[in-house]
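> Structure incoming, see below.
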Amino acid sequence: MTAPSHHAYVPFVSVHNMMRLVLHVGIERVLVDLAAEIAADFLRWPAFDKTPRVASHSDVGVIELMPTSDGQTYGFKYVNGHPSNMKQGLQTVTAFGLLADVATGYPLLLSEMTILTALRTAATSAMAAKWLAPAGATTMALIGNGAQAEFQALAFKAICGVAQVRLYDIDPAATRKCAANLRGYGLGVVSCATAEEALLGAQIITTVTADKQYATILTDNMVGPGVHINGVGGDCPGKTELHRDILLRSAIFVEYPPQTRIEGEIQQLDADHPVTELWQVMAGQAPGRTDARQITLFDSVGFAIEDFSALRYVLGKLRDTGFCEQLDMIADPDDPRDLFGMLLRAA
């Protein structure tokens, strides 16, 4: 049997190697780098194929595929969202992703994306806040202290200069976990007993809760003028965090309206309610924050281009770090027409 050629092998980044890569580069450095990669791709937004993610919903969660291509490279992510998993000691969100060469269709990278999604979500949040948050914002309220919370806190520190995070979760154990994990990162961390307490003095409010339901994490009376809201937890039909009245007072910025109107906070509004695409702000085609007293909302649901950017970043880092395995993944017969013969010769 002839040994497979290099065409048969695809670099695979396991969870173990993803953790090695992130710690080797540095968590905050990775967040800054990812934000830069995502920003670069947002600035060439029209170059990408765009479609709302393909979702399969059930009573307990959702399984989704998120594809995109820039004409040279194709990428997709498989991701789930199952809030009840936590009760079984399982992750609420798991993911993996792939990049492929458009010219041949051959895979270029297969990677875990549970950790990478947490990193790219946080990097996107902070990237958006650079354009939308009030000038000089240094304090963030972080409502929901689960698996995503520390990533959000460190992204806002590294990218936006946030110096203090005020934590609240309905489960005090989650807040204790988050506060403990953030020790040693140079952030002021305040654990709060209520959401209202967490909002005191905060110029940025991040909501990142997990329940799959129409929830009201923030009521209208809790949100004063001049703040930026980073709404992360509402990301599928029937799952929201903000009272509708807050939306009506806010300038709303989104990734891809056809997806966000189905999954985001704006599913509560009329289908023609005005929103601004974030890439247009970054490209100078639309205004961002226009008034110091304005409430800005980044209605973040996550979009495939962000995953594409993150996977391409990881692929580039493999050339420096080698933190991957080579999977014998593509059948590679000596004669492309003789796949059956290759099978027989393996006996």
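> Suppose we filter R261, R289, R312 for residues that are out of contact with any His (no Cβ under 6 Å at 6 or more places or on another chain) and farther than 24 Å from Y78 by Cα; which single one remains?
Numbers: R261 fails: farther than 24 Å from Y78 by Cα; R312 fails: farther than 24 Å from Y78 by Cα.
After ruling out the rest, the residue left standing is R289.
> Here's a follow-up. Just a yes or no: is a residue in the range 254-261 outside any loop (DSSP other than H, G, I, E, B) and either closer than 22 Å to L199 by Cβ or assigned by TED's automatic domain parsing to the domain that holds H82 (or both)? Outline the logic, then answer.
First, the residues of the range 254-261 that are outside any loop (DSSP other than H, G, I, E, B): 254, 257-261.
Now drop any that are not either closer than 22 Å to L199 by Cβ or assigned by TED's automatic domain parsing to the domain that holds H82 (or both), which leaves none.
Within the range 254-261, not a single residue is outside any loop (DSSP other than H, G, I, E, B) and either closer than 22 Å to L199 by Cβ or assigned by TED's automatic domain parsing to the domain that holds H82 (or both).
> Exactly one of these conditions fails for G224: (1) closer than 29 Å to E37 by Cβ; (2) assigned to a loop (DSSP other than H, G, I, E, B). Give me its number.
(1)
> Can I ask one more? Of all residues in the range 81-90, which are polar (S, T, N, Q) and surrounded by 15 or more Cβ atoms within 10 Å (Cβ to Cβ)?
Taking the range 81-90 and keeping what is polar (S, T, N, Q), we get 84-85, 88.
Within the range 81-90, N85 is the sole residue that qualifies.
> Among A135, A100, A147, A129, which is in contact with a Cys (Cβ under 7 Å, 6 or more places away or on another chain) and of a type outside the set (S, T, Y)? It would help to see each step written out before you state the result.
Numbers: A135 fails: in contact with a Cys (Cβ under 7 Å, 6 or more places away or on another chain); A100 fails: in contact with a Cys (Cβ under 7 Å, 6 or more places away or on another chain); A147 fails: in contact with a Cys (Cβ under 7 Å, 6 or more places away or on another chain).
One residue alone meets the criteria, A129.
> Follow-up question, since we're still on this one. Would you please name the residue that is farthest from A210 (Cα to Cα), looking only at residues in the range 49-80 that are surrounded by fewer than 21 Cβ atoms within 10 Å (Cβ to Cβ) and small (G, A, S)?
Top of the filtered list is G71.
> Could you tell me which residue of the range 77-94 is nearest to G238 (Cα to Cα), considering only residues that are at pLDDT 90 or above and touching an Asp or Glu at 6+ places or on another chain (Cβ under 8 Å)?
This residue is N80.
> Please go through the range 175-201 and give me each residue that is closer than 18 Å to E241 by Cα and buried (at least 20 other Cβ atoms within 10 Å of the Cβ), ordered by number. So that I can check it myself, show each step before the final result.
Filtering the range 175-201 for residues closer than 18 Å to E241 by Cα gives 194-199.
Correct list: A195, A198, L199.
> Right, another one. If we keep just the residues of the range 270-285 that are within 23 Å of the chain's Cα centre (by Cα) and surrounded by fewer than 17 Cβ atoms within 10 Å (Cβ to Cβ), which is farthest from V254 (Cα to Cα)?
From the range 270-285, those within 23 Å of the chain's Cα centre (by Cα) are 275-283; that's our starting set.
After this cut, where a residue has to be surrounded by fewer than 17 Cβ atoms within 10 Å (Cβ to Cβ) as well, the list is 280, 283.
Details: Q280: 10, A283: 14 Å.
For the range 270-285, the residue satisfying everything is A283.
> On to the next question. Considering only the range 120-221, give the strands (runs of 3 or more DSSP E) lying wholly within it that have at least 1 residues that are over 26 Å from G264 (Cβ atoms). Full working, then the answer.
Details: elements: 139-143, 164-168, 188-191, 204-207, 214-218.
Per the criteria, 164-168, 188-191.
> Here's a follow-up. Out of the range 159-174, which residues are closer than 19 Å to H228 by Cα and surrounded by 15 or more Cβ atoms within 10 Å (Cβ to Cβ)?
Here is the first cut: in the range 159-174, the ones closer than 19 Å to H228 by Cα are 159-168.
Matches in the range 159-174: I159, C160, V162, Q164, V165, R166, L167, Y168.
> Based on this model, can you work out whether N85 counts as in contact (Cβ under 8 Å) with a residue 24 or more places away in the chain and of a type outside the set (A, V, I, L, M)? It would help to see each step written out before you state the result.
Numbers: in contact (Cβ under 8 Å) with a residue 24 or more places away in the chain: yes; of a type outside the set (A, V, I, L, M): yes.
Answer is yes for this residue.
> Considering each of L318, L297, L311 in turn, give the residue that is surrounded by 14 or more Cβ atoms within 10 Å (Cβ to Cβ), touching a helix residue (DSSP H, G or I) at 6+ places or on another chain (Cβ under 9 Å) and part of a strand (DSSP E or B).
Details: L318 fails: part of a strand (DSSP E or B); L311 fails: part of a strand (DSSP E or B).
On inspection, the qualifying residue turns out to be L297.
> Could you check L199 against (1) within 29 Å of M66 (Cβ to Cβ); (2) touching a helix residue (DSSP H, G or I) at 6+ places or on another chain (Cβ under 8 Å) and say which number it fails?
In the conditions (1) within 29 Å of M66 (Cβ to Cβ); (2) touching a helix residue (DSSP H, G or I) at 6+ places or on another chain (Cβ under 8 Å), L199 misses (1) alone.
The values are calculated or read from the model by the stated rules, or taken from the named source; none is laboratory data. Quick caveat: nothing in here was measured; it's all calculated off a predicted structure. With ideal geometry, Cβ positions are generated from the backbone for all residues, glycine too; neighbour counts draw on all protein chains shown.
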